[in-house]
Amino acid sequence: MTYIDKPSISNVIKFDELNVAKVDQLKVMLNTGTDIYQGACKKRGSTLKDEYRKVAGVAYMDPKDMAKLGVGNWDSVLVKSDWGAVVVYSAHSRDAPHEGMIFIPKGPWANVIVSNETYCCSDPTYKGIEATVEKSDKEVLLMADLMKEVYQKYTKKVKEVD
Amino acid sequence: MEYILKNGIVYDPINEVNGEKKDVMFKDGKIVDNVSDSAKVLDVTDKLVMPAGVDVHCHLAGPKLCLGRLYRPEDERRGVKPKTDITRAETGFSIPSCPATGYRYSRMGYGTVVEAAVPPLEAKHTHEEIIAIPNIDIPTLPLFGNNWFVLQFVKEGNIEDLAAFVSAWLKITKGYGVKLVNPCGSEAWGWGMNVHGIDDPAPYWDVTAREVIRGLAEANEMLGLPHSIHVHPNDLGHPGNFPTTLNTIDCMKDIKKNSEYRNQTIHLTHAQFHCYDGTSWRDVTSGVEPVADYINKHDHVTMDMGQVTLDETTTMTADGPMEYDLYELTGLKWANKDIELETASGLVPFIYSGRNPVHSLQWAIGLELALTIKDTWKVALTTDSPNAGPFIRYPRVISWLMSNQRRMEMMDNKEVHSWAARKSSLATLDRDYDFYDIATITRAGPSKIYGFEDRGHLGVGALADIAVYDLEPNNFDPSINAAAVEQAFGNALYTIKDGEVLVKDGEIVKVVSSRHVWSNVQGFEDEEKRVIEQIMPMFNKYYTVKFENYKVHDHYAEPSCEYKINASK
Amino acid sequence: MGYEEPVTDYDKIVENCTCAFCGSNCDDLDCLVKDNHVVAVRHACRLGASKIMEDEDQRLKVPMMRNENGELVEVEWETALDAAAELIANSVRPLFYGWSETSIEAMKPGLELTELVGAVIDNQATICHGPTVQAVQNVGYPLMTLGEVKNRADMVVYTGSNPMNAHPRHLSRYTTFPKGWFRKRGRYDRTLVTWDPKYSDTAKLSDIWIPFEENGDYEFVNAIRAVLKGKKLKKDVIAGIPTEDIYELTEKMKNTQFGALFFGLGLTHTLSKQRNIDIAIQLVQDLNKYTKWVLLPMRGHFNVNGFNIFMSYEMGFPYGVDFCRGYPRYMIGETTTIDLLNRKEADVFLVIAADPGAHFPSGANMHLVDIPVIQIDIHWGPTTELADIVLPGTFIGVETAGTSYRMDSVPLNMKKAIDPPETCREDEWIVTELLNRVKKIKEASK
């Protein structure tokens, strides 16, 4: 009932039909925050599942921006900022148009690329971050795999034993 | 456990004990007239002994306080004390943290403190804070003066249903008595407006403060509640407001009292803020004379001072429009909290200063009131804490009341502005309170005003709530030793609560839970049930919580001290 | 998602439960219970329903600790509690974070433990409305309870928040749609305004949408204040909005009877942080010269406000309180969680009812790799991947009763609908156990 495979996304524009200049890398402003799919999945506790990857490991983009990159719904993109890089899905934003801005719901994927700088205000900078987006052929990682790759808290110890 | 408090000089006005050297005995938390040989002796030879203090009006627990703490860390950083083996850490000056509140009252020898304004919707919050405050018993006064159900009943002239509503709501909120704050004015603040005087109706309601005050008073007396209605009149803090104050108390003079213990049918709170003459802050003068004169001539009214202490403090009241006026006047940060269907409220920090003419006049007016009202049983000592100053200044106020010499000194050497002397009669009043008067305005009177038959005195059967101060009344002249008076009343030699020594030599030696004191009216159950059923459609439609989740569940009010009131008499 | 048949197979209905999701704390939920399971829930939004109808596959049911291979394995309660107590008792700079999704009753022993060991205690406000609290401390806080808006408001403004996604019943239960005492026609008697760069789901419902540009919030609000004070705007477009629209909006705001401004993390998370809130609050204060305006931050967790209230009344400070000196100290940017982690200061991290793995920037979380992490929670989440000791709690508001404070500070007693799983323990019990064990260790070492 409240379970979903992935958020319902309308396929607004067919990117191959659009008359836009293709680019390899897009400069964007990154916002993060909550949305209803992420909220429902996270608080239900389904974070190990594919559903969480589909609702939080996703960059909602303006269809025109996606066309420029030549990516469609549920293709992989690599998002990079000064703080890190992460592979997420791309998907048409429900709130478009907002060219030059992408939205990644809060979660382990977004965490990799947001700023932990608080400017002495206790609160990190989760919104308004400069980032780049490019096409990627890598798979978006599931939550547990992502946590292992990013933090290597327990994998390191195993390596030391080897 | 039995104790004998030996050879103290006892002031117990309810039992007409005036400075007698005698022993006070207590057993299992109550005063008794004899104890066995094994009783523990506390030698207090020649020291000042009184019942523990009873505060009639303080803001010490609840949503306003919490908002104040949250938005004024600069106040919390004053008065920081590290934890000890017995006490937790303390913070705060005008709005201390809950533990600090309990310790500080206990150190001053107080045993019972009334929380003077509780919005019923957030009463749970108040009770949660009472759980966190140690060492004092706390009765609470829920706010009724702008409640929509009350306005509705008053409009219909339906006093019986109003009484049933009050009775039910005291049970629901675990409240003790009926509080009115700027009746109709706080409702008008829902639209950013106010009312002026007692005959100015609330917008859209067509009900006036006069009707609300009289209606709630009649309901209060129909139920025979131990306390009278507790009124913060309209026009607080406005120059020229004394006629409103007079109208408020005068409109009550034909209401019949239904209580044997208390004398009044209306308690006028923080009277200092309600006794201004003039038309603006430029030409303001004291309006004490007509108000004091009225109180001297009539017995249906009691008051408390609301004495300004000349400190930086935090004002907080359910009088929302007044706080906005204050914000416009001072420009200091304004907080507001309107409560659906019930009340408004607001907060503004305030810096009282002896250099400021108006503040100095306010300081004078509070003292002038206490010194011109002849019968001390009609006066209670408060600072409307924290509005006119924090409660930890009570000892200082006592020292002012006891010493004309000190008051004159303050006016002469410019500790206060010359307006204090020029615009009030304070400089002409040479009355000095004695220890009996002080015991009356801080213990006996307050307990009578509230109908607490079991406290505020040292008669057999009373709670063993006792304070001993390090002064020897027979070898000490308080009228020339203001600093010593302040020091002694601020640091009790002993504070005894329910027969347990909580403070010794000004330090906390034991911490106990505070009790939630409330009124449980008996004999009105059928009416209550009918009225609740009747108002339920309106409740469900306009509140944003369910009735089941609205009330204060019993576990929020533990340990409780319940006064059963027989309404059928 | 197609049509689903209503659930008819249940033993009983537990009425008036309080939702344990967002700060709206809707207290009108009816839980349909069969065999000690909630099989359906009425009145809840999608978020509330999803939390109450939890994913039992990922429920933490037994205490766990890491084995030598770094895998979490089941251990006895005694073992896990002793190990956790040992870590806490022997730490120099313990940090206790979370608390926003548990009850006030569980915070009480938590604070006692904090005072005992001289720890830092902090909650999610530190990463959400912390700047709001700072702004409030700068300029004030004109608030109301939500029923005031329901009964009186004829203009409702949302900015930097998207309640249709984060607080789905906010509009329908409290602010916009319901019929109020003075607003008998509900939605038709109100103007709904959204200021948001994005055409969000809330903007889509609004009568007026003001799409100021990214990071343009301060400038935009400042312009309204200027107009309100009778100043003339010198640019044609401010923060992406044509000035004539700003004049028109200001006029509308001045001429309402009762306006309410709700703001969210869109204001606190951008670069101007607390300054955004400063100016929003001052705007509301200015508007009160003309008519009635109030505001309210959109608090995220059901008890995030509760923790701030609890700490304020117990210790005088709202969040990020450091007890290492034996008295409470509150220094934003110094005694707050992200800063302590950024500076790699904490040496034990206890996290209760929170998920830093999902919500802290990786740059801050990196320190959790180097120090022991004790987790008290109900589901296996991102933080569990970083946890050394896992203690399974119970679900407040469904399995355990408790007190919470709504976003507008209305206290609610959340009832329980079902019994918790046998192997789990209430948060209050777990924290009290930790407290008692730490006390014992401290006494033994004296």
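Readers should treat all values here as calculations from the given coordinates under stated rules, not as data from a laboratory. Remember, predicted model here, so these are calculated numbers, not experimental data. Cβ: placed from backbone, ideal geometry, glycine included. Neighbour counts: every protein chain shown.
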Original post:
Expressed in nm², what is the orientationally averaged projection area of the convex hull enclosing the Cα positions of the stretch C:215-320?
Top reply: 8.0
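To the nearest 20 debye, what is the magnitude of the charge dipole of the stretch B:115-244 about its Cα centre, counting +1 on the Cβ of each Lys and Arg and -1 on the Cβ of each Asp and Glu?
Values: 7 positive and 16 negative charges, 33 e Å.
It comes to approximately 160 debye.
In square nanometres, what is the average projected area of the Cα convex hull of the stretch B:3-67?
6.4
Starting from the Kirkwood Rh over alpha-carbon pairs, what translational D in µm² s⁻¹ does chain A have by Stokes-Einstein at 10 °C and 1.306 mPa s?
Details: Rh = 16.4 Å.
Reported coefficient: 97 µm²/s.
Work out the length of the dipole vector of the stretch B:53-449 about its Cα centre, built from +1 on the beta-carbon of each Lys and Arg and -1 on the beta-carbon of each Asp and Glu, and round it to the nearest 20 debye.
Working: 38 positive and 50 negative charges, 234 e Å.
It comes to approximately 1120 debye.
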Subject >> Volume per residue of the C-alpha convex hull in the stretch C:130-297, rounded to whole Å³ >> reply: 101
**OP:** For a label point 7 Å from the Cα of C:Asp370 along Cα→C-beta, name the residues of the stretch C:326-361 whose backbone N is under 15 Å from it.
**Re:** C:339-349
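Rg to Rh ratio, the stretch B:488-569, alpha-carbon atoms and Kirkwood radius? Mind dumping the intermediate values first?
Numbers: Rg = 20.2 Å, Rh = 16.8 Å.
That ratio equals 1.21.
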Original post:
Out of the DSSP beta bridges found with both residues in the protein assembly as shown, what percent are antiparallel (nearest 5)?
Top reply: 50
Subject >> Compactness relative to 2.2 N^0.38 Å, alpha carbon Rg of the stretch B:53-449 >> reply: 0.91
Original post:
Any idea which of B:Pro290, B:Phe273, B:Phe489 is furthest toward the positive side of the dipole for chain B, if Lys and Arg beta-carbons carry +1 and Asp and Glu beta-carbons -1?
Top reply: B:Phe489
Original post:
To the nearest 0.05, what FRET efficiency results for B:Tyr204 and C:Glu5 with a Förster distance of 51 Å applied to their C-beta separation?
Top reply: 0.65
Original post:
Using a simple charge model, +1 on the beta-carbon of Lys and Arg, -1 on the beta-carbon of Asp and Glu, nothing else, what dipole does the protein assembly as shown show about its Cα centre, in debye to the nearest 20?
Top reply: 1800
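Computed FRET efficiency, Cβ-Cβ of B:Asp85 and C:Ala226, R0 56 Å: what is it to the nearest 0.05? Mind dumping the intermediate values first?
On the way: r = 58 Å, r/R0 = 1.03.
The pair B:Asp85/C:Ala226 has a calculated efficiency of 0.45.
So for each of C:319-327, B:186-194, B:350-358 I average, over its residues, the number of other beta carbons within 10 Å; can you give me the resulting order with the highest mean first?
Averaged packing, sorted descending, gives the order B:186-194, C:319-327, B:350-358.
So for chain C, averaging the separation of alpha carbon pairs under 8 Å that are six or more residues apart and normalising by length, what relative contact order in percent results? Write down the numbers at each step before the final one.
On the way: 919 pairs, mean separation 106.6, N = 446.
After rounding, I find 24 percent.
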**OP:** Enter the mean number of other protein chain beta carbons within 10 Å of the beta carbon of each residue in C:281-294, as an integer.
**Re:** 3
Original post:
Roughly how many nanometres apart are two label points built 7 Å out from the Cα toward the Cβ at B:Ser36 and B:Lys504?
Top reply: 2.3
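What does the convex hull of the alpha-carbon atoms of the stretch C:111-191 project to on average, in nm²? Could you put the intermediate results ahead of the total?
Numbers: hull surface 30.6 nm².
Taking the Cα atoms of the stretch C:111-191, their convex hull projects to 7.6 nm² on average.
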Subject >> Dipole of the protein assembly as shown, positive end: most advanced residue of B:Leu67, C:Val133, B:Pro537 [Cβ charges, Cα centre] >> reply: C:Val133
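To the nearest 0.05, how large is the calculated FRET efficiency for A:Glu99 and B:Ile351 if R₀ is 51 Å and r is the Cβ-Cβ distance?
On the way: r = 52 Å, r/R0 = 1.02.
It comes to 0.45.
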Original post:
Which of the peptides A:109-117, B:72-80, B:20-28 is most tightly packed, and how do the rest follow, going by the mean number of other Cβ atoms within 10 Å of each residue?
Top reply: A:109-117, B:72-80, B:20-28
Subject >> For chain B, calculated [θ]222 nm from helices alone, where every DSSP H run of n ≥ 4 adds -39500 (n - 2.57) >> reply: -9500 deg cm²/dmol
Subject >> At q = 0.14 Å⁻¹, base-10 log of I(q)/I(0) for chain C (Debye sum, equal scatterers on each alpha carbon) >> reply: -1.29
Original post:
If you count, for each residue, the other Cβ atoms within 10 Å and average over each peptide, how do C:432-441, A:42-51, B:53-62, C:184-193 line up from highest to lowest?
Top reply: B:53-62, A:42-51, C:432-441, C:184-193
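Normalising by the residue count of the stretch C:130-297, find the relative contact order in percent from Cα pairs under 8 Å and 6+ residues apart. If you can, show how the numbers build up before the last one.
On the way: 297 pairs, mean separation 51.5, N = 168.
Dividing the mean separation by the residue count of the stretch C:130-297 yields 31 percent.
In units of 2.2 N^0.38 Å, what is the alpha-carbon radius of gyration of the protein assembly as shown?
Details: Rg = 31.0 Å, N = 1177, 2.2 N^0.38 = 32.3 Å.
So the Cα radius of gyration is 0.96 times the expected 2.2 N^0.38 Å.
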Original post:
Counting only DSSP beta bridges with both residues in chain A, what percent are antiparallel, rounded to the nearest 5?
Top reply: 70
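Just give me a number: lysine pairs in the stretch C:175-251, eight or more positions apart or cross-chain, with C-alpha atoms less than 28 Å apart.
Working: C:Lys179/C:Lys204; C:Lys184/C:Lys204; C:Lys198/C:Lys232; C:Lys198/C:Lys234; C:Lys198/C:Lys235.
For the stretch C:175-251, qualifying lysine pairs total 5.
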Subject >> Unit charges at the beta carbon, dipole of the stretch C:1-109: most positive-side option, C:His37, C:Leu81, C:Cys22 >> reply: C:Cys22
Original post:
Mind listing P(r) for the stretch B:389-461? All alpha-carbon pairs, 5 Å bins, whole percents.
Top reply: 3, 14, 18, 19, 17, 12, 8, 6, 3, 1
Original post:
If you line up the Cα atoms of the stretch C:194-234 on their principal axes, what length do they span on each, largest first, in Å?
Top reply: 34, 21, 13
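Considering Cα pairs under 8 angstrom that are at least six residues apart, work out the relative contact order of the stretch A:22-161 and quote it in whole percent.
Numbers: 279 pairs, mean separation 48.5, N = 140.
Worked out over the stretch A:22-161, it gives 35 percent.
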Subject >> Among beta bridges that DSSP assigns inside the stretch C:130-297, antiparallel share in %, nearest 5 >> reply: 10
